[in-house]
Every structure is written in structure tokens, then in C-alpha cells.
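Throughout, read-outs are computed from the coordinates displayed, never taken from laboratory work. Nothing here was measured: the structure is a model prediction, and the numbers come from that model. Cβ atoms come from the backbone with ideal geometry, glycine included; neighbour counts cover every protein chain shown.
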Amino acid sequence: MNLLTVGTVAFDDIETPLGKADKIVGGACTYISLAASYFEKNINLVSVIGDDFPQEMLDLLKSKGVNLDGLQIKEGEKSFFWAGKYHDDLNSRDTLDTQLNVLADFDPVLPDSYKDDPFVMLGNLTPDVQMKVIEQMTTKPKFIAMDTMNFWMDIALDRLKEVLKKIDCLIVNDEEARQLSGEHSLVKAADAIIKMGPRFLIIKKGEHGALLFYDGDIFFAPALPLAEVFDPTGAGDTFAGGFMGYLAQTGDTSFENMKRAVIFGSAMASFCVEKFGTERLQELTAVDIKNRVNKFVQLVNFDAKI
């Protein structure tokens, strides 16, 4: 079932304790679309780039079933750019440079062929842009998930809360969940956020896994211990892409299937961090994904007599 993805397609400069990569392809929508493409072959992308973006990357996205009819290309302008340096623990980072460029006045326009898509993933953009996408849908999507961040909570909280009333699932990290809810306990935070509108809430905890909340029930997915993490950039977006790609492939939004989607999203995120940028996501096979998911299953598989 078609998946609509909205977010940035961009360039990144990244420095981690294990190396440095300059002007590599990144952006939330890039990670989301690549991860989702291993599950759902009908992906409709909405974003904006300058004419500096490499054609070979656009060709790669097309080859993986990503429709670029909703990608705006601004002639004579530059694509969004971000530069960051990660600390030794890889859980925190410093932003060294942000250049909005074409993103500064991004006005998303959905082609008619996108407007009936049953699954929608709204990447981390302004609440106004996210709302504009929702308002252009001609039929109510079966499932809308959304990412956001502390910055929008600081400067556009009221508008953000309006968008929350329109979606089915919010995906945030633990720090963002605490800020949005005003609660330190993640259980209390989840209860407060779900009352704002979304039926489901996913709280990412980085190397400590992810929590899924729904109607008083909680599911925990561990993170896979890895020998080396090269680059955590895009891991959260890759998680969202794997999660939504699996849901779109199965068409099943029950809590039980949502649990499976969280595991598949976690598996895709574990691949993402193994190389810089999107490199690892470009080369996966179905066997790679199956074996990685099995490792997640083995992490929590046990027998107990009670």
C-alpha cells in the first residue's frame, strides 16, 4: 500500500570518533525512503533540493521504487546542508553549521497521484509544513506517523499540538517526550502525549532501544549491541522508514503488527549506523534484513515457567 514520505533531502558533513565524511547525501526523507523501500515498493517522496544535488542519488532512489514527482528542484539554488560533530559517547553532538538554503521557503505540493496514499510519514519539518501536507490529502489516510523535535516545541508548540490531533503515531526520543509532556517518567509522558491526539507513541532511547505505547499497553524493543558505530546520523529516520515501510507492506495497523514493525525499524536503524550516511542502506539484501531481525528476536527469546 502506497507510502507518502515528507522531509529533507540534503547534504551533511559528519565527524565522529571513528572518522569524518564531507558533503555526503543525507536528509530525513532520504533515510526514510531508502529504509522503507526494502518493504514497500510504492513510495511517494515530497521534498525540495537545489540543482547541486547529485543525479546518481536521484537515480538510485528511483531504482528502489521511490517516485520523485513530488520533489521540487530549484534551479540556481543550493540544497539544505547540515554539519555536526559527535562526542565520544555518540549520544550527543554539536551542530557546526546549518544552511537552510532551498528549505527556507519550502512549500510542499502533493501531486494528485499522492493524495490518496493510505500511509504517510511526516519527517521532522515545521508544524506548518506538516499540516499543509495533511490538508492536501483528498481522503483520510489509514495511518499518519510524524517526527518532531525540541526546537518546534520551543517556538511553535501551539501549532505542533494542532498537528498532533491529526495523526495516528508520534515518534520522538526520550528527551523530546519529556519536554512535550512536562513529565519525567516516560510512562506518564506517554499518557500525556497520547491525550494530545496520537493513538500510538514511540519513544526512541538510542542505544537503549525503543518503547511503543498504545491504550495502556507497552512494548519494548531492544537495540542490537554492535561492535562499532560509525555514524548515528539518520538512525532515527531509518527506524521510521523501516517501521512505516513494514506497516505499508502488510497494511495492518494492529498493536500486534505494530510490535513487529518496531523490530523491523530497529533492525534497519542498526544497519544505518554501520557506515557513514546512507551508504549501508544502499547495499542491503533481503537476507541481510532477515538475519538481522532474527538477531533481535534472539535477544529477547526465552522460556519461562511461571
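Side notes on the structure shown:
- The stretch 206-297, Rg to Rh (Cα coordinates; Rh as Kirkwood inverse mean 1/r): 0.96
- Put in line by how crowded their Cβ is, counting other Cβ atoms within 10 Å and starting with the fewest, ILE134, ILE218 read ILE218, ILE134.
- Available extension along the chain between GLU274 and HIS208 is 22.1 nm, counting 0.36 nm per residue and deducting the alpha carbon span.
- When each of LYS132/LYS166; LYS115/LYS259; LYS204/LYS259; LYS64/LYS166; LYS20/LYS85; LYS161/LYS195 is checked by Cα-Cα distance, pairs over 18 Å: LYS115/LYS259; LYS64/LYS166
- Note on the chain: with a GNM built from Cα contacts shorter than 10 Å, the maximum mean-square fluctuation among SER37, SER63, SER266 falls on SER63.
- ASP252-GLU135 FRET efficiency (beta carbon distance; Förster radius 30 Å; 0.05 resolution): 0.65
- Choice from MET57, MET153, MET268 showing the highest fluctuation, given a GNM over the chain with Cα pairs closer than 10 Å: MET57
- Neighbour counts of other Cβ atoms within 10 Å put PHE243, PHE200 in the fewest-to-most order PHE200, PHE243.
- Straight-line cross-link reach from LYS74 at under 16 Å between alpha-carbon atoms covers these aspartates and glutamates, not counting any fewer than eight positions away in the same chain: ASP51, ASP52, ASP105, ASP107.
- Within the stretch 3-300, percent of DSSP bridges classed antiparallel, to nearest 5: 40
- Whole-Å semi-axes of the stretch 38-119's equivalent ellipsoid (Cα gyration tensor): 27, 18, 13
- With helices as the sole contributors, the chain gives -10500 deg cm²/dmol at 222 nm; each DSSP H run of n ≥ 4 counts as -39500 (n - 2.57), and the sum is divided by every residue.
- Residue among PHE276, PHE230, PHE151 with the largest mean-square fluctuation in a Gaussian network model of the chain, springs linking Cα atoms under 10 Å: PHE151
- Rg to Rh, two decimals, where the stretch 1-148 supplies the alpha carbon set and Rh follows Kirkwood: 0.98
- DSSP-assigned coil residues among chymotrypsin sites (Phe, Trp or Tyr not before Pro) in the stretch 37-127, each with at most 11 further Cβ atoms within 10 Å: none
- Here the residues LEU61, LEU170, ranked from fewest to most Cβ neighbours within 10 Å of their Cβ, fall in the order LEU61, LEU170.
- The distance separating the Cα centre of the stretch 132-150 from that of the stretch 104-118 comes to 10 Å.
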